Amino acid sequence: MVKFILTDIEGTASSKSFEDLLLDCAKVNLKDFIYTNTNNVEVLQCLYDAQEYIQQVNNKKPTRKEVVENLLEWIERGVKQPSLKKLQGMINKLAYENGDIRGHIYPDVAMAFERWRENGVLMGTYSSNPIEWQKLLFKYSTEGDMVPYISAFFDTGVGEKTDIFSYFHVADKLNLAPNEILFLSDSQEELEAARKSGMGVLQMVRKDSPIAAVKPIPQRSKYLIMNSFDGVDAALS
């Protein structure tokens, strides 16, 4: 019997295109954010760490201006450098708190979370994005504050999402057997790793996803395919 539902976020509970909005927010505001927070210890530490990283790579100490230029270039290239990720998180947090952005969550997710809680099923998220980012997304979401529904957040601190051992780690932290957990994701690689750990799995293919937009949803798959969270309940028994 399923006691816990673990869900991926991007492409499953939230549109993948929302990631682009967050990147644009960081790109547009990065320079002003840095130069208006020169007394912020966290910001200065990020700049110092980025400077050290660039110096190690180029064997030359960059100026403050060159550090900022590198940070903007990393955003364009999709480089997930730790100091940049921290700065992005600070910028996005401010945008969330100011009401400039709202975390996109599909309406069926909010309704499903309510049903599952009423039925005594616990929920958690597992994303490649940091836990802090996940909490902001759900706290300031288009469906309201959904954090109270979520009993556990996981990121790659437990391992990569395509690694079978990551799902053993998740189950261990939840004090559950893998077969008591149902994992929802749009990624077949992630689903395969979770399945091999013993978890139940469902593939989520949203109608606005590239898979659904480019070609018909495959009729044959090793995974049961859902277009929303509405049909997940049937897999809980």
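The values are calculated or read from the model by the stated rules, or taken from the named source; none is laboratory data. This is a predicted model, so every value here is computed, not measured. Please note: Cβ atoms are built from the backbone with ideal geometry, for glycine as well, and neighbour counts cover all protein chains shown. Accessible surface areas use protein heavy atoms only, side chains included; no ligands, DNA or RNA. Shrake-Rupley method; radii C 1.70, N 1.55, O 1.52, S 1.80 Å.
Residue by residue through segment 54-72, note down the ones that are part of a helix (DSSP H, G or I) and either among the β-branched types (Val, Ile, Thr) or open to solvent by 90 Å² or more (accessible area, probe 1.4 Å) (or both).
Quick first cut of segment 54-72, residues part of a helix (DSSP H, G or I) only: 54-58, 64-72.
Passing the criteria: Ile54, Gln56, Val57, Asn58, Arg64, Lys65, Val67, Val68, Glu69.
Whenever a residue of segment 138-157 is without any contact (Cβ under 8 Å) to a residue 24 or more places away in the chain, its partners that are open to solvent by less than 30 Å² (accessible area, probe 1.4 Å), lying with C-beta atoms within less than 6 angstrom and at least six residues away or across chains, give the pairs Val147/Phe138. Pairs linking a residue in segment 165-178 that is in contact (Cβ under 8 Å) with a residue 40 or more places away in the chain to a residue that is basic (Lys, Arg), with Cβ atoms under 8 Å and 6 or more positions apart or on different chains, are Leu176/Lys3. Taking each residue of segment 1-26 that is part of a strand (DSSP E or B) and looking for partners that are among the basic types (Lys, Arg) and open to solvent by 20 Å² or more (accessible area, probe 1.4 Å) with beta-carbon atoms closer than 6 Å, six or more apart or interchain, yields Glu10/Lys16. When Lys93, Lys80 are screened for being at pLDDT below 95 and either acidic (Asp, Glu) or surrounded by fewer than 17 Cβ atoms within 10 Å (Cβ to Cβ) (or both), only Lys80 passes. Taken residue by residue, segment 215-222 has at least one member that is outside any strand (DSSP E or B), touching a strand residue (DSSP E or B) at 6+ places or on another chain (Cβ under 7 Å) and either modelled with pLDDT of 80 or more or not aliphatic (A, V, I, L, M) (or both).
The set of residues in segment 167-189 being in contact with a Ser or Thr (Cβ under 6 Å, 6 or more places away or on another chain) and open to solvent by 10 Å² or more (accessible area, probe 1.4 Å) consists of Phe168, Pro178, Asp186, Glu189.
Quick check on Glu114: is it closer than 15 Å to Thr12 by Cα and open to solvent by 20 Å² or more (accessible area, probe 1.4 Å)? Walk me through it before giving the result.
Details: closer than 15 Å to Thr12 by Cα: no; open to solvent by 20 Å² or more (accessible area, probe 1.4 Å): yes.
Taking the combined requirement at face value, the residue does not satisfy it.
For Gly124, the criteria (1) assigned to a helix (DSSP H, G or I); (2) open to solvent by less than 20 Å² (accessible area, probe 1.4 Å) hold in every case but one, which is (1). Would you mind stating whether Asn119 is closer than 30 Å to Lys196 by Cβ, in contact (Cβ under 8 Å) with a residue 40 or more places away in the chain and open to solvent by 50 Å² or more (accessible area, probe 1.4 Å)? When the stated conditions are applied, Asn119 passes them.
Note on segment 27-53: residues that are farther than 18 Å from Lys85 by Cβ and open to solvent by 70 Å² or more (accessible area, probe 1.4 Å) amount to 4.
Evaluate segment 100-108: report whether one residue or more is of a type outside the set (Phe, Trp, Tyr), in a helix (DSSP H, G or I) and under 19 Å from the mean Cα position of the chain (by Cα).
Step one: filter segment 100-108 for residues of a type outside the set (Phe, Trp, Tyr), giving 100-105, 107-108.
Those left that are additionally in a helix (DSSP H, G or I): 107-108.
In the following step, the residues that additionally are under 19 Å from the mean Cα position of the chain (by Cα) were identified as 107-108.
Within segment 100-108, one or more residues are of a type outside the set (Phe, Trp, Tyr), in a helix (DSSP H, G or I) and under 19 Å from the mean Cα position of the chain (by Cα).
Of all residues in segment 145-158, those satisfying the criterion of being open to solvent by 20 Å² or more (accessible area, probe 1.4 Å), touching a helix residue (DSSP H, G or I) at 6+ places or on another chain (Cβ under 7 Å) and either in a loop (DSSP other than H, G, I, E, B) or not aliphatic (A, V, I, L, M) (or both) are Asp145, Tyr149, Phe153, Asp155.
Evaluating Ile164 against the criteria (1) open to solvent by less than 10 Å² (accessible area, probe 1.4 Å); (2) modelled with pLDDT of 95 or more leaves one unmet condition, (1).
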